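Here you go, one structure.
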Amino acid sequence: MKTLTIAIVAIVLVLAAISVWYLMQMSNPTTPTGTEQGLSEEEENRILSEFNNTLINEDSGVEIGEII
Amino acid sequence: MKKCRVLAVFPLALLILLALLPMAFAEENSTPADTTPEIKDQNPETGEPIVDTTTETEIATMYNGIGAKVRLLQLEKSILGAILRGEKVIEFIKENYAEEDTNGLEAIIAELKLLKEEVAAVQPKANDENTVKQFVDLKNDARSLVKQFRETAKEILKDTNKSELAKKFKEIDWSDYNKLQEQIVSLIREYNAQRLEEFFSKLEAKRSELIEKVRNGEMKMNEVTQEIRKMMAGIAPLQRKKGFLGLNEMNARQRVFQHASVLATKEKFLERRIERLNGRLERVREKAMELRIDANRLRNWIQERISNPKARPFRPGVVRGTIGSGMR
């Protein structure tokens, strides 16, 4: 009887620990999984191109259409 | 035995509860925004999107105070260009089509002048949805007025050779327009230099020489992009990753601002339009003399636009079907 209780409590504790870890992962999805590795070339290009799009070209203007 | 059963049920219940918790969290994150107010996507005057993809790009730069100033000045410059050309079109019609009534076109140009003043009066602030709302509203007004002018003038000028009109445009005095352009270019250089400063600070790299070149206009943006690529290739992987993640965060902040601002501008767009036109109507009396236009003529035109978003300037003798009312 005592052994059964201890076993159940141990299982519950392990499951609780797993759930807490899972919840922490869920609430912090941006945590990098491979901190030692760099980003892929594709990802770097995407970030760089997004940054470039936020720069303003000197020849640009706000289009309101042609008057004639 | 009973005790044993209770002991077995308790952990099971706890287990189910713990298993359901993450689902509850996920549910909370993905709950659709049921409370979102009704949002209009189209400008009723032009039938075009209130915020098209180009405007969305323009909005992104308004996260920065200088970027916001640049966009407003660019809008002011475009309106000024339309006024200068529009005035020449009216002169051309008066010289070559004396029987045509240009009152409607003159009213549109007068309203464009009021609009230009409104754009110039906006005090741009960084990361400010209100500044974006004003920019988008005034840009939509400008697009509507230019479209109304173009469609009315085209009916009159349908048999005109475009080169004749081009000759008339050569008479335009562009000095004010060019002054605005100079101001814009200098602000764009400052804006780009500031963005690069932020970028290099994320990489913990100093590139003051390159930034100064951008600030002084000695380096074009495509050359800067090449420089950045070269520089990134020579950086240690960890520092490089840190820099890119920082840059990604910077981009994300701007993206969030852009998205929220686009939604905010679409919300209550029509109500703001009416408020704005009523405000313009009140300014007509004091401005009519300066604009060299009959106050009643301009008031009637704006009032017509308030009651009918598809209003077109009235031209005697032209039957327009359902949009035939316009200015009287």
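Each reported figure results from applying straightforward, stated rules to the coordinates on display, with no laboratory input. It should be emphasised that the depicted structure is a prediction, and the values quoted were computed from it without experimental measurement. Don't worry about glycine lacking a Cβ; one is built from the backbone with ideal geometry, like all the others, and counts go over all protein chains shown.
Please check: in the Gaussian network model of chain A (C-alpha springs, under 10 Å), which one of A:18, A:56, A:47 has the largest mean-square fluctuation.
Of A:18, A:56, A:47, the most mobile in the Gaussian network model is A:56.
Pop the C-beta distance of residue B:91 and residue B:53 into the FRET formula with R0 = 30 Å and round what comes out to the nearest 0.05.
On the way: r = 36 Å, r/R0 = 1.20.
The value I calculate is 0.25.
Using the reciprocal of the averaged 1/r over all distinct C-alpha pairs, how large is the Kirkwood radius of chain A in Å? The partial results should precede the final answer.
Details: mean 1/r = 0.0550 Å⁻¹.
Roughly 18.2 Å, rounded to one decimal.
Here is a follow-up. Give the calculated FRET efficiency between residue B:252 and residue B:179 to the nearest 0.05, with a Förster radius of 41 Å applied to their Cβ-Cβ distance.
Numbers: r = 37 Å, r/R0 = 0.91.
Approximately 0.65, to the nearest 0.05.
Now for a separate question. Could you name the lysines in cross-link range of residue A:2, using Cα to Cα under 29 Å and dropping any fewer than eight places away on the same chain?
Qualifying lysines at Cα under 29 Å: B:2, B:3.
Another question, then. Rounded to the nearest 0.05, what FRET efficiency do residue A:42 and residue B:231 have when you use their Cβ-Cβ distance and R0 = 25 Å?
Working: r = 19 Å, r/R0 = 0.77.
For R0 = 25 Å, the calculated efficiency reads 0.80.
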